Structures are given as C-alpha cells and as structure tokens.
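What follows is a single structure, written as structure tokens, with notes after it.
Here, each number is a calculation from the coordinates, and none is a lab measurement. As the structure is a prediction and not an experimental result, all values here were calculated from the model. Here the Cβ is made from the backbone with ideal geometry for all residues, glycine too, and neighbour counts use every protein chain on show.
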Amino acid sequence: MEVDVSRIIIEDYMEELLNSLETKVVVVGAGPSGLVASYYLAKHGIDTVVLERNLSIGGGMWGGGMMFNRIVVQEEARPILEEFSINFKEIKGKRKEGERYYSTSSIEAISKIAAKALDQGVKIFNLISVEDLIVANNRVRGVVINWTSVELSKLHVDPLVIKSEYVIDATGHESSVCRVIAEKIGELRIRGEGPMWAEKGEKLVVENTREIYPGLIVTGMAANAVSGSPRMGPIFGGMFLSGKKAAEIAINSLR
Ligand code: 48H
C-alpha cells in the first residue's frame with residue numbers, strides 16, 4: 001500500500017507538471033488578483049498555470065484586515081462577488097450619500113475563487129518559486145522555476161522552465177517578476193508603492209494593470225508597487241477587477 005500511494009502521488013504530479021511545461025499563460029502568485037485572472041483565462045479556454053511560492057494559496061487575503069478575517073469590497077466589484085457565488089453583507093457607507101460596501105469572509109472569498117478556478121481547469125502548483133524569466137528577442141517567453149525549499153535554503157540547484165505566451169506578475173507588494181525586467185533588462189523602473197490612500201489606490205490598481213513589457217502583464221498590488229501608486233489596505237475590489245483586466249488583456253491578444 002505505501003509504495004502504491006507514493007507511486008500514485010509521484011506519477012500524478014509529474015503528469016500534471018509535464019503537461020504544464022508549455023502553456024498559454026503562467027500566473028505567478030496565487031493571491032486574489034492572480035487567482036481571479038486565472039479563472040477568467042481558463043473560462044475563455046486558455047491553458048493557465050498558477051505558480052505559488054508558499055505552501056498555501058490566497059496570498060495576503062486570508063488575514064483580512066489585521067487578522068480580522070473579513071474583507072471589504074466596493075460597489076464596482078460586486079459582480080465579481082456574484083460571479084464566484086461569494087456570500088456578502090451589504091453595508092451603507094457613512095461618508096457619502098448612497099455609498100455601499102460589501103463585507104465578506106476572506107476565507108470564503110479565497111476558497112470559492114480557488115475552487116471555481118480549479119473547476120475551469122486552472123492548474124495550481126504550490127511550493128514553486130519563479131526566480132527568473134525567459135526573455136528572447138525582447139519578449140518574455142516563460143518563467144524559470146525552482147522549489148521554494150531550494151530558494152529558502154539557498155542551495156545551489158539549477159532551475160527548470162515553463163514556456164508560455166504570457167506571464168502575469170501577480171506577486172503582490174514584491175512585484176518580483178517585474179523586478180527581473182527592471183534589474184536584468186533595465187527597461188523598467190520599479191517606483192515602489194506609495195503610502196495608503198484607499199480610494200486612489202483602488203482606482204489606480206486597475207489603471208496600472210497593463211502589459212508592462214512584451215509578454216508580461218502586471219496585476220494586483222504588484223501593479224501599484226511598480227507604478228508608485230498608493231496602497232489601499234484590506235479593500236479587495238481593486239484586486240479582483242485588476243485580475244479580471246489582466247485576463248482580458250491576455251485573452252484579447254491570444255484570440
Ligand atoms: C511564486 C510568488 C513569488 C514568486 C510572490 O500578495 P498577494 O495577495 O497579491 P495580490 O496583488 O493578489 O493581492 C494583494 C493583497 O493581498 C494585498 O496585499 C493588499 C490589498 N494590500 C494592501 C495594503 O495596503 O497592504 O499574493 C501574491 C502571491 C503570494 O502568495 C506570494 O507568495 C506569491 O504571490 N509570490 N509566487 N514565485 N517569485 N513572489
């Protein structure tokens with residue numbers, strides 16, 4: 001029995017990894033923006049692989065605001081809560097007439113977004129870090145990967161690669177994929193995120209979601225970190241809308 005279990009795990013995992021070596025889109029980071037992007041891509045029939053450095057997916061969303069496991073979403077992103085069948089409470093804003101917010105469990109939000117992404121066929125690999133990019137003829141053509149345990153232990157182990165037509169940087173505050181372009185190609189300046197200004201940060205995170213270098217799309221907090229735009233705290237509508245926009249940019253280009 002023990003050997004059967006071991007063999008099944010290794011064969012099943014290897015089959016999925018081998019089938020992912022060439023894909024249409026690689027999303028780096030399984031936080032809210034990356035998972036939402038992956039869902040919309042797969043929903044449009046685009047082969048999508050999500051790579052997550054951590055053991056758990058969900059990025060910065062599990063912890064809600066200061067460990068209160070709730071998130072707030074604004075009116076513009078209500079359709080996304082509905083798309084993922086996330087239950088929410090509607091709460092009137094106290095500062096502007098007619099303003100409404102939606103409160104939901106961060107755990108429910110991440111669980112349902114991930115479940116729906118998987119149902120659409122997204123392949124999610126955890127414990128894998130993207131440490132570099134394949135760049136040829138001025139275009140990003142895939143990612144260079146290694147086990148997170150190798151990264152953490154600083155072992156000198158050479159990486160492997162996954163080729164793709166698009167890479168989406170959904171690595172949050174770190175913007176670690178864009179940093180590769182900035183540091184190795186020198187065609188991008190990482191401005192660093194600004195101090196908190198929720199209203200502006202939420203608006204700009206969608207505007208900043210773009211193809212930042214041929215073949216590389218930036219989404220979520222990474223988009224604001226690259227562009228010098230404000231952080232916004234535990235309001236997540238912008239992350240969802242940014243993930244959706246990132247998917248649409250790739251979909252429009254790939255069809
Ligand atoms: C593989 C990697 C790598 C790598 C990082 O931080 P995230 O949740 O990112 P977003 O942009 O989807 O959401 C941001 C949100 O959580 C947040 O922090 C907000 C709204 N902050 C506001 C504020 O004021 O602070 O997820 C990013 C994910 C994480 O799970 C990382 O482990 C992962 O990306 N990651 N995965 N290879 N090189 N770098």
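Observations on the structure shown:
- Measuring r between the beta carbons of Glu15 and Leu152 and using R0 = 35 Å, the FRET efficiency lands at 0.85.
- Isotropically averaged projected area of segment 166-234, using the convex hull of Cα atoms (one quarter of hull area), nm²: 4.0 nm²
- Scoring 213-224, 168-179, 185-196 by mean Cβ neighbours within 10 Å over their residues and listing the highest first yields 213-224, 168-179, 185-196.
- Multiplying the residue separation of Glu187 and Ile107 by 0.36 nm and subtracting their alpha-carbon distance yields 25.0 nm.
- Cα centroids of segment 47-87 and segment 191-236: 16 Å apart.
- Calculated P(r) tail over 20 Å for segment 51-109, as whole % of Cα pairs: 33 percent
- When the Cα convex hull of segment 85-134 is projected onto planes of every orientation, the mean area is 6.6 nm².
- When each of the peptides 19-30, 109-120 is scored by the mean number of other C-beta atoms lying within 10 Å of its residues, the order from highest to lowest reads 19-30, 109-120.
- Between Glu207 and Lys163, the FRET efficiency from the beta-carbon distance, with R0 = 45 Å, is close to 0.90.
- Mean shadow area of the chain, taken as a quarter of the surface of its Cα convex hull (nm²): 15.1 nm²
- Neighbourhood net charge (14 Å Cβ-Cβ; Lys/Arg +1, Asp/Glu -1) for Pro214: -1
- Only helical runs count toward this figure. For the chain, summing -39,500 (n - 2.57) over DSSP H runs of n ≥ 4 and dividing by all residues gives -11500 deg cm²/dmol at 222 nm.
- Enclosing the Cα atoms of segment 16-55 in their convex hull gives a volume equal to 70 cubic angstrom per residue.
- Kirkwood Rh, angstrom, segment 5-110 [1 / mean 1/r, Cα pairs]: 16.1 Å
- On the basis of the beta-carbon distance and an R0 of 25 Å, Phe68 and Lys94 show a calculated FRET efficiency of 0.85.
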